[in-house]
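One structure is given below, encoded as structure tokens.
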Amino acid sequence: MRARLQNLEDFRIRDCDSLEEIFEHEALNTNDLHSVTATQSIAEETTTNFVFPKLTYLELYMLPRLRSFCSTIHTTEWPSLKKMWIYGCDKVEIFASENIRSFGESTNHQPLFWVNEVTFPNLEELKLEWNDIMKEIWHGQLRANFFYKLKVLELIHFPDQSAVFPHCFIQSLPNLEKLAVSEASFSHIFHFEGFDGQKNHASAITSLNELVLSELPELTHLWKEEYHPIPAFCELRTLQVRDCGKLKILAPSSVSFENLTTLEVSRCHGYVNLITCSTAKSLVQLTRMTITDCEMIEKIIACESEEVKGDIVFTELKYLQLSCLPNMASFCLGDHNLEFPILEKMIVRECPKMMIFCQGDLSTPQLQKVILTEDGDEENGQWEGDLKTTIKRMFEEEASARSISNKMHAAPASLSS
């Protein structure tokens, strides 16, 4: 046993419907118990401590009857663990604070991991599915130093309509760089009440550089609209939003995305306008924008206020895709000049109502073609000397083709009458 634990580097258990514990207590002989360390608990009962000194990856996937690592009282240590994926383990509480156990909680309560500051000292990536027994992780009872090095957190599948997003847990992750949330009924993600007085909260939010939101059908905003988190997202570099049908605004005008490099939005049918003028002016580092399959979008940039003046310059944008936007009339209809000084590749497809790209002057000195296919095949493109003229010609050709098609479909009915 000891040799196996000492040398194990990758530990994966998948699709074991009957598995209730990973190590069977009866199978551990006296020497095994001593080899993995035995200590005394407050209740004077022997506690088995499993140590995995070389393990860097742990995956427990679809183990619906799993209740613990071992039926005996035990703790675990994972000094080298970098990545963990726990999914489909509905019968066991994943994390609980060892401090609570030390103060006499019933030993019948066996979470998968009793957690203290030495349990996961180097854990960087955690992918976790919700289960109904997760209590402490959501209510902030796990201290910040328990997951101090965590950089990537993916939360998956919250089936409970009443589930509340674990704001307290996010606050306890000062080095979090990527947050991905999917398959949940949250109405908002971040909680900024009392933001100015919560240094840990501010630190956690501003360390994010990647945010991925997908399949969140009840999401209406990223945070409650009465709060104005000025420092939030200052380091955000990638924002991906998919299948969030009730989301109507990406961010209020008070939010700056000055370090954002990638923006991808798809299958979000609540948007009419994607971003405000002030937000667009903050996108000075954006290199890639992809907007696809959004039925209600009419404009990418909404310029309804006269307070925002001056040109909108996408200084670093090289790639722009606008696909399957059946109601989009324009990229921007405000009285602003648009500049794309290094835009090299642009895909426009199935945008039948886009009559004009923008009202103001438009500069795209590096662009030589508008590509008409999603695969980006540059052989299938169109160019009429400049982008404005090209978009106008594409609209006229699309309208003409629809008109001919409508006449052809109407002809048989006319002949029969």
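Just so it is clear, none of the values below were taken in a lab; they were calculated from the coordinates. Just so it is clear, the model here is predicted, and its values are computed rather than measured. Here Cβ is always computed from backbone atoms with ideal geometry, including for glycine, and neighbour counts include all displayed protein chains.
General remarks:
- Length released on extending from Val152 to Met296, taking residue separation times 0.36 nm less the Cα-Cα span: 48.6 nm
- Protection proxy ranking, peptides 248-254, 286-292, average beta carbon neighbours within 10 Å, highest first: 286-292, 248-254
- Under 19 Å from the Arg402 label point (7 Å along Cα→beta-carbon), backbone N, region 248-271: none
- Fully extended contour minus Cα-Cα distance, from Val118 to Leu8, at 0.36 nm per residue: 37.7 nm
- Projected label distance in nm at Glu258 and Asp311, using a 7 Å step from Cα toward the beta-carbon: 2.1 nm
- FRET efficiency estimate (nearest 0.05) - Cβ-Cβ, Glu20 to Cys324, R0 56 angstrom: 0.70
- Separation of the alpha carbons by more than 18 angstrom is noted, of Lys82/Lys151; Lys82/Lys149; Lys353/Lys388; Lys151/Lys281, for Lys151/Lys281.
- When only the Cβ of Lys, Arg, Asp and Glu is charged (+1, +1, -1, -1), the dipole of region 235-315 relative to its Cα centre reaches about 180 debye.
- Region 355-379 and region 319-337: distance between their alpha carbon centers, rounded to Å: 11 Å
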